[in-house]
Amino acid sequence: MSLDISSEELKKNCPLDKNCDWCFLYRSTYNYYDLPIYKCNQCDLQTIYPKDKYDLKAMYNANYYSGAANYSYLDERKNERYESFVWDARLRNIKKFKPTGKFLDIGSSFGGFLTRAKLAGFEPYGIEISEYSSRYANERGIPTFNGSILEADFPEESFDVITLIEVIEHLEKPDLVFQKLTKLLKPGGLLLIQTANFDGKQAKKEGTKYHYYLPGHLYYYSLTNLKKILTKNGFRDYTVYYGVDFPLYAKLLKSMGSFRGVLDYFKWFRISYYHLKSKFLKGSTSSMVLYAFK
């Protein structure tokens, strides 16, 4: 099924050359969401269409973090002690490339990651669309802009590090988003993007059942098209981490935050399996972290 009315709109927001060939791919079958997924035959970028029913600001309210909404996320404040094992391990890796400087986290939630970045010697700033969580972050001393990245009014070339951890897929108007990221980052700066890799075998194998098809996830990227987009916008060097950019031990320690008994430690076998699989069979899972340098 070809795409008609939406085609011009999607071409307008294309982050590459706007030479798009959008076609209906399928409706997702993960959970009960039943999302209409379209794919560009030129670059393999995928998207949900139409998007107008996803009011992101309304979606990310208190219920989103408490589990009371149909589509929810965790409240990191409840397990910050354990989340910090991963945050600190990631920051140690970032510091190999950028030991200090201004640090912007987009989709910064309650500011937990930025609190650890501050302790690690960075000057933290956040952008968060949720008024509920950004207010909390500001109250704890993490300067956080409430709104979208396109609304944020930071001076050009302000930041040494910009991170988007499971965030880029939430952002509409990707052509403008990637342009803004380039403008905000200093020359030689580091951009970290964690998202699903739709080049990966997991995404291809699971197809309509892939768990990354969620309300609020507006665009779906691959490592291939993400590199093309970033290169077009002035990035030149890349480091790719299949799975995640921190060691297994950090992930195991983080998981303890949800344990309720001794038997929960058996979950470590499954966590270890998928972590090691992503490292030794690259592309076998669809998790990835991309470090891009301007």
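Brief remarks follow.
- Relative contact order %, region 139-294, counting alpha carbon pairs below 8 Å whose residues are six or more apart: 31
- About the Cα centre, charge dipole magnitude for region 100-185 (Lys/Arg +1, Asp/Glu -1 at Cβ), debye: 280
- With 24 Å as the limit, the listed pairs Lys39/Lys227; Lys183/Lys227; Lys205/Lys282; Lys95/Lys232 have Lys95/Lys232 beyond it between alpha carbons.
- Difference of contour (0.36 nm per residue) and Cα-Cα distance, Leu263 to Glu9: 86.3 nm
- Extreme residue, positive dipole direction of the chain, given options Ser222, Cys14, Leu104 (C-beta unit charges): Ser222
- Unsatisfied cross-links (Cα-Cα over 32 Å) in the set Lys186/Lys209; Lys98/Lys267; Lys96/Lys209; Lys18/Lys118; Lys201/Lys228: Lys186/Lys209; Lys98/Lys267; Lys96/Lys209; Lys18/Lys118
- Note on the chain: helix-only mean residue ellipticity at 222 nm, from DSSP H runs of 4+ residues weighted -39500 (n - 2.57) and normalised by residue number, equals -9000 deg cm²/dmol.
- Positive-end ranking of Thr231, Leu276, Leu74 along the dipole of the chain, with charges on Cβ about the Cα centre, is headed by Leu276.
- Sorted fewest first by neighbouring Cβ atoms within 10 angstrom, Met256, Met59, Met288 come out as Met256, Met59, Met288.
- Placing a label point 7 Å from the Cα of Glu206 along the Cα-to-Cβ direction, the residues of region 31-49 whose backbone N falls under 15 Å of that point are 31-35.
- Relative contact order (%) - the chain, alpha-carbon pairs under 8 angstrom, separation at least six: 19
- Taking other C-beta atoms within 10 angstrom as a stand-in for reagent exposure, Ser158, Ser133, Ser148 fall in the order Ser158, Ser148, Ser133, fewest first.
- Dipole magnitude (debye, nearest 20) for the chain, charges at Cβ of Lys, Arg, Asp, Glu: 1160
Each value in this text was obtained by applying a stated rule to the coordinates, not by laboratory testing. Source: prediction; values computed, not measured. Because the Cβ atoms are built from the backbone with ideal geometry, glycine has one as well, and the counts that use them run over all protein chains shown.
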